[in-house]
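This report refers to the structure that appears directly beneath it.
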């Protein structure tokens, strides 16, 4: 999409860009109908002129309506999980370390907070929360470990260390998610906030209502699947220089910028759907 300026400032929001274009076209049509045509001797009745403007406004507004509806649909977020609240136990402090022997999956739920996750070689999960009254709950169900952070008015700052090869699912209502050194499958479900992942190797599935995504991957011999759905926001994925990539990108208002040619026989498969937002694939 070309640059659109307001005064000496560039409009970067894709939705506002489309709105500016629509308003510009409508103003131009109104000028033709009410100024140019009368000067040329063509005088239309007020009713016909008004109907022309209404029809053109409806036709030109359709892209804007789609820009609003599709992001809402893609970014629809339901903060829920299969965790049984009755089985949750509460910690007696703002930190805790839990053994993850025979655990294959970790669920982390937070209604309002900023999460920082670090993958380690330990077979345990360590969690700490900033604040005196910010205690959390936990439970173990079969081969799954659950961490649930209480819903509070103020955002929590949460630090978590967990095994880097374990499968982890995040449910965050509002807040930023940062994670690094993870090699297992990462499933992120965020209502509003930014997502940042560094030093990654495993596949990921990401759903974000509104916000930006930045992911950085190491060289990986196995096939890596990256599936992303974003209502409104941009995504940047950094890959090794010698990576082979197969990309599928769909967006109502956005474009794909990639440093890699599209290859069917690829190690990285990227599939992104966005209401409004670009996808940039760059070198590490």
Fill in the blank from the handout: residue 209 passes all but one of the listed conditions (1) modelled with pLDDT of 95 or more; (2) touching a helix residue (DSSP H, G or I) at 6+ places or on another chain (Cβ under 9 Å); the exception is number (1)
Problem - Selection within segment 156-165 - within 27 Å of residue 90 (Cβ to Cβ), in contact with a strand residue (DSSP E or B) (Cβ under 6 Å, 6 or more places away or on another chain) and buried (at least 18 other Cβ atoms within 10 Å of the Cβ) - result: 156, 158, 160, 161, 162
Completion exercise
Inside segment 178-213, the number of residues satisfying the requirement of being more than 18 Å from residue 163 (Cβ to Cβ) and in a strand (DSSP E or B) is 13
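The values are calculated or read from the model by the stated rules, or taken from the named source; none is laboratory data. Please read these numbers as outputs of a predicted model, since none were measured by experiment. Heads up, the Cβs are rebuilt from the backbone with ideal geometry, glycines too, and the neighbour counts pull from every protein chain shown.
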